[in-house]
Every structure is written in structure tokens, then in C-alpha cells.
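Take a look at the structure below.
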Amino acid sequence: MAVSEQEFLNHIAQRLNRPRVTEKPQHPFRGAPDFWLQYELASDERIELFMANWRANGGTAERVGSMEEVRSYIVSMAQTMKAKYMIRFDHPALNEMKIESDLPGVEMAVWNENGDDLLAKAAGADIGIAVMDYAIGHTGTAVSVSASTQGRSVSLLPTVFVAIIRAEDVKTRMGEVMKDLTRRFGTKMPAGIHFISGPSRSADIENDLTIGVHGPGIVHALIV
């Protein structure tokens, strides 16, 4: 004979030797507490916190004074690595920087809807370069919103990933980023919002930590 839901729950309560709970529990608090919502750091503090946490996660973080310094940093790194293939966002700041003009021996792919075989190019790239939408000081996380010019593979597949972050885009808390994403997109969110906190880490086999298996093993954050 089939047992009804009520009979089933009554039986469990009886076996536990306690009365059935038939009312919803009180839940007076929802979301983040007020003290956390009010937690706000000054710009320099946010940046320093982000850099400290990004480094603690295994990445390299540098604060630079201009996009020209960003260019010099990346060119020097590419020359040191003897990079042959690179890929970057089709972002106005990167287009204006023209890194490839200083790297004549490098094949630079640009991620946009006009590109061909971009996944394969990203997978074979020595360095991926992206301008991030946000960074979060409290977690050491860089955030990128996917678009036709901002493919996820640029940050995921190359051996080395370089995240360029504007100082004004560094937030204190993740909640600030989520709130701004809601303001920008409402209910029509992009296909992907990517949260990157240091190099790829894998520790699902016998608790052995391995770096760089499912993503770049070397990540640089440059705060401009």
C-alpha cells in the first residue's frame, strides 16, 4: 500500500522522537549583513589588497603607471619567453597599444567575430592578453565578461595569461561586482562571466596540488 507524504514524514518524526515541524522556520536575515555591505576601502587599499591576495594565490601582480609601461612589460616577457604565438582581446586599449609592432617574430591573433580558428590559436598561444572588466580586492579575483571580442579561451588556454586591470575597476567586495553586473545587463546576462583567481589549480587526485592543468599555470595582473 502506498504511503502518503504526511504519513512518511510523521513516521520519521516519530522515529526521531520529536514533534513534526509544520511551520516554516523564522528567517529574519537575508543576504549579506549590514556591516559587510558597508565594508569599503579606499582606492589604494583596494588595489594593495587585490595584489596581495592575487600573489597569495600564486600569481604575479604589478602596479604600473601607464599603458606604455604595460606594453613594455608584455614585450619584455614575450622576448624572455621567446614567445611565438599570442592572442588578445579585440579591446580598444590593446588595439591602440599595438604590442605586435614590437614583436615582429610573434604571430598575434585577435579574438573577434572575424577571426578564424580562434580556439586552436588560443590553445597554441604562449601568452593570452585581456583587459578585465573588474577586480575584487577581498578575494584577489579578476573578472571578465564574455563578448564577441572577449573570448573565454584567451584567459583559459594559453600557457601564460596577462590580465590588465584599470585601477578604477578594482572593487572591495564581490557584491559590488554582482550589483554592477545586474545594473549593466539586468536579466539578459552574457554567455559567460569569468572569475579568475590566480593560476589553474587541481587537487582532486589524492589531494596532490598541480598547477596549470586546466588553465594557465602562470598569470600576471597589471594594474594601471
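The values are calculated or read from the model by the stated rules, or taken from the named source; none is laboratory data. The shown structure was predicted, so the numbers you read here are calculated from the model rather than taken from an experiment. As a convention, Cβ positions derive from the backbone with ideal geometry for all residues, glycine included, and neighbour counts pool all protein chains shown. Surface accessibility is based on the protein's heavy atoms, side chains included, excluding ligands, DNA and RNA. Shrake-Rupley method; radii C 1.70, N 1.55, O 1.52, S 1.80 Å.
Restricting attention to the range 17-43 and to residues that are open to solvent by less than 100 Å² (accessible area, probe 1.4 Å) and hydroxyl-bearing (Ser, Thr, Tyr), the residue that is farthest from Gly137 (Cα to Cα) turns out to be Tyr39. Looking at the range 133-224, the strands (runs of 3 or more DSSP E) lying wholly inside it that each contain 3 or more residues that are open to solvent by less than 10 Å² (accessible area, probe 1.4 Å), under 21 Å from Ala109 (Cβ atoms) and among the aliphatic types (A, V, I, L, M) sit at 160-165. As a summary of the residue check, Ile74 satisfies the conditions (1) more than 28 Å from Lys179 (Cα to Cα); (2) among the aliphatic types (A, V, I, L, M); (3) more than 21 Å from the chain's Cα centre (by Cα) except for the one numbered (3). Give the range 97-111 a look and list any residue that's open to solvent by 30 Å² or more (accessible area, probe 1.4 Å) and at pLDDT below 95, or say none. Selection gives Lys98, Glu100, Ser101, Asp102, Pro104, Gly105.
Residues checked against (1) of a type in the set (Lys, Arg); (2) within 28 Å of Asp44 (Cα to Cα); (3) in contact (Cβ under 8 Å) with a residue 12 or more places away in the chain; (4) touching a Cys at 6+ places or on another chain (Cβ under 6 Å):
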{"residue": "Val143", "(1), (2), (3), (4)": "no, yes, yes, no"}
{"residue": "Ala147", "(1), (2), (3), (4)": "no, no, yes, no"}
{"residue": "Gly151", "(1), (2), (3), (4)": "no, no, yes, no"}
{"residue": "Leu157", "(1), (2), (3), (4)": "no, no, yes, no"}
{"residue": "Phe161", "(1), (2), (3), (4)": "no, yes, yes, no"}
{"residue": "Lys171", "(1), (2), (3), (4)": "yes, yes, yes, no"}
{"residue": "Met178", "(1), (2), (3), (4)": "no, yes, no, no"}
{"residue": "Met189", "(1), (2), (3), (4)": "no, no, no, no"}
{"residue": "Gly217", "(1), (2), (3), (4)": "no, yes, yes, no"}
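Within the range 96-132, the set of residues being acidic (Asp, Glu), more than 14 Å from Val162 (Cα to Cα) and either part of a loop (DSSP other than H, G, I, E, B) or in contact with a Cys (Cβ under 9 Å, 6 or more places away or on another chain) (or both) comprises Glu113, Asp116, Asp117.
Applying the set (1) farther than 19 Å from Val219 by Cα; (2) assigned to a loop (DSSP other than H, G, I, E, B) to Gly58 leaves exactly one unmet item: (1).
Quick grid of which residues meet (1) touching a Ser or Thr at 6+ places or on another chain (Cβ under 7 Å); (2) part of a loop (DSSP other than H, G, I, E, B):
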| residue | (1), (2) |
| --- | --- |
| Glu7 | no, no |
| Ile12 | no, no |
| Pro19 | no, yes |
| His27 | no, yes |
| Glu40 | yes, yes |
| Asn53 | yes, no |
| Glu69 | no, no |
| Tyr73 | no, no |
| Thr80 | no, no |
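If you go through the range 59-90 and keep only what is open to solvent by less than 50 Å² (accessible area, probe 1.4 Å) and either among the acidic types (Asp, Glu) or at pLDDT below 95 (or both), you end up with just Asp90. Just checking, how many residues over the range 181-208 are closer than 21 Å to Trp54 by Cα and of a type in the set (Ser, Thr, Tyr)? Matching residues across the range 181-208 total 3. When Ala93 is tested against (1) part of a loop (DSSP other than H, G, I, E, B); (2) closer than 19 Å to Ile223 by Cα; (3) open to solvent by less than 40 Å² (accessible area, probe 1.4 Å), exactly one condition is not met: (1).
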